[in-house]
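Notes follow the structure.
The values are calculated or read from the model by the stated rules, or taken from the named source; none is laboratory data. Only a predicted model underlies this, so the values are computations on that prediction, with no experimental measurement involved. Cβ placement follows ideal geometry from the backbone for every residue including glycine, while neighbour counts extend to all protein chains displayed.
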Amino acid sequence: MNLISKILYRTQKISQLTSAIFGVFLGFLLILTSSQIFTDFKNIIHDSEQAIGSQFLVINKKISLLNTFNIGNSSFTESEIKEIKSNPCFKKVGKFTANKFEAQASIQFPIENTYTEIRTDLFLESVDDDFLDIKPKDWQWNIKDDEIPIILPNDFINLYNFNYAPGRGLPQISKSTIKMANFKIEIRGIGGNSFYRGKIVGFSNRITSVLVPYSFMEYANKIYGLNQNNNESLRIIVEAKNNELSNVQNYIDKHGYEANSELLKNGKFANLLQAILSIIAFFGVIMIVISVNSLILYIQLSITRSKFEIETLLKLGFSHHKIIQWYAYKIAFILALVYSINVIVLVFIKSKTNELIGTFGFEAPNQLNVYVLLSSFLILMIVWCFQIIAVYRQIFKLALPNKE
């Protein structure tokens with residue numbers, strides 16, 4: 001093998017080899033980077049706590065002057081909800097159930113060796129668990145419990161910390177601290193009044209309501225509800241299909257509904273970015289095909305240039321399999337070098353993209369996606385096999401006359 005190397009290396013053109021390796025390197029780097037960013041972006045989209053591509057929309061009817069004089073109706077009828085459910089733009093539709101009783105919460109804060117109590121009216125809602133972006137393990141309630149699990153909107157804690165607390169000399173509270181706090185909830189209605197303990201179990205980015213389990217809301221409305229006959233919903237929540245966002249907006253506008261249009265914009269942006277990354281990956285594949293083809297051409301040219309040396313080696317008794325094996329090792333070394341450098345560069349690129357993503361308030365996984373690494377390695381193995389087949393055919397053509 002050493003003699004084969006000494007003879008065949010003399011005919012190699014380093015500049016052509018470098019150009020071929022650089023082309024393969026760029027092609028794989030492009031598809032590796034786009035694939036890794038694509039998977040990171042999908043994780044951010046489907047992460048319930050980030051969810052920039054979340055297509056869950058809370059819809060309500062517009063409030064007009066008639067509603068001010070109790071003439072207009074801002075609730076959804078069953079027929080309207082059925083119509084929304086039948087629309088192909090939506091995957092599923094859910095109703096909010098609001099409290100029909102009075103509720104008030106109180107909590108005490110220690111300030112300068114004394115306690116300051118905050119009391120506030122509560123407007124509670126519940127919704128089917130399928131529409132929640134978080135699923136706390138203690139999100140359940142039964143009639144024997146005197147503690148009510150509560151999910152707060154993230155905006156609630158932000159408003160308290162940056163608007164309410166500073167102006168009243170109250171301490172700011174972290175999410176972990178407020179989760180440890182228990183506060184009193186007083187419920188009043190036709191069934192009298194009762195006291196419960198409230199427990200914050202999570203924070204929602206999707207729903208801007210103070211949420212309680214449906215089992216509690218159903219029980220409390222039945223016992224304390226002031227208007228037992230009113231079962232209409234003022235708000236509904238829908239999951240829209242990603243490819244129907246424009247139609248969703250048109251449907252909302254046509255029926256005079258209101259929704260958070262920013263979510264629709266975020267969803268459209270998410271789809272656009274995924275499409276761009278897919279296009280980049282597509283061009284990466286094309287570039288790989290071109291660069292791999294250039295590497296094949298280089299190997300073929302190298303064999304043609306070394307025709308005299310190969311024929312000499314065959315006449316000296318070296319089998320064509322030995323020569324093919326030498327080229328196989330050489331190609332394997334080139335591809336292994338390309339793969340290793342690509343992974344190192346990808347680690348650097350990912351660290352920088354994670355920093356960039358972090359500046360926008362999002363968080364991507366720190367580690368490289370194992371499926372991206374495995375699939376790229378598989379592609380390299382396929383490329384290696386094609387290269388060896390091309391080498392085998394060309395060497396065999398040179399070896400055949402010697403056999404004859």
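Worth pointing out:
- ILE344 being out of contact with any Asp or Glu (no Cβ under 8 Å at 6 or more places or on another chain), within 26 Å of SER294 (Cβ to Cβ) and surrounded by 11 or more Cβ atoms within 10 Å (Cβ to Cβ): no
- Residues that are among the basic types (Lys, Arg) number at least 2 in the following strands (runs of 3 or more DSSP E) confined to region 74-178: 90-95.
- Every condition in (1) modelled with pLDDT of 85 or more; (2) more than 26 Å from the chain's Cα centre (by Cα); (3) among the hydrophobic types (A, V, I, L, M, F, W, C); (4) not in a strand (DSSP E or B) is met by ILE185 except one, and the failing one is (4).
- Scanning region 348-385 for residues that are at pLDDT below 80 and among the hydrophobic types (A, V, I, L, M, F, W, C) yields ILE357, PHE360, PHE362, ALA364.
- GLU102 being modelled with pLDDT under 85 and closer than 28 Å to GLY198 by Cα: no
- Note on region 157-185: among residues that are among the aromatic types (Phe, Trp, Tyr) and crowded, with 17+ Cβ neighbours inside 10 Å, the one that is nearest to SER209 (Cα to Cα) is TYR160.
- LEU159 more than 26 Å from the chain's Cα centre (by Cα) and under 25 Å from VAL58 (Cα atoms): yes
- Looking across region 244-280, just one residue is more than 16 Å from PHE90 (Cα to Cα) and at pLDDT 80 or above, and that is GLY256.
- Subset of region 317-340 [among the hydrophobic types (A, V, I, L, M, F, W, C), closer than 25 Å to SER376 by Cβ and either loosely packed, with under 15 Cβ neighbours inside 10 Å or at pLDDT below 80 (or both)]: PHE333, ALA336, LEU337
- Single residue of region 347-397 satisfying the filter (among the small types (Gly, Ala, Ser) and surrounded by 15 or more Cβ atoms within 10 Å (Cβ to Cβ)) that is nearest to PHE38 (Cα to Cα): ALA364
- Being in a strand (DSSP E or B) and over 30 Å from PRO88 (Cα atoms) is a property that SER194 has.
- Selected residue (criterion: modelled with the highest pLDDT) from residues of region 217-243 that are part of a helix (DSSP H, G or I) and of a type in the set (S, T, N, Q): ASN221
- If you go through region 124-151 and keep only what is aliphatic (A, V, I, L, M), touching a helix residue (DSSP H, G or I) at 6+ places or on another chain (Cβ under 8 Å) and surrounded by 12 or more Cβ atoms within 10 Å (Cβ to Cβ), you end up with LEU124, VAL127, ILE148.
- Conditions (1) closer than 25 Å to GLN55 by Cβ; (2) of a type outside the set (A, V, I, L, M, F, W, C); (3) buried (at least 20 other Cβ atoms within 10 Å of the Cβ): number failed by GLY198: (1)
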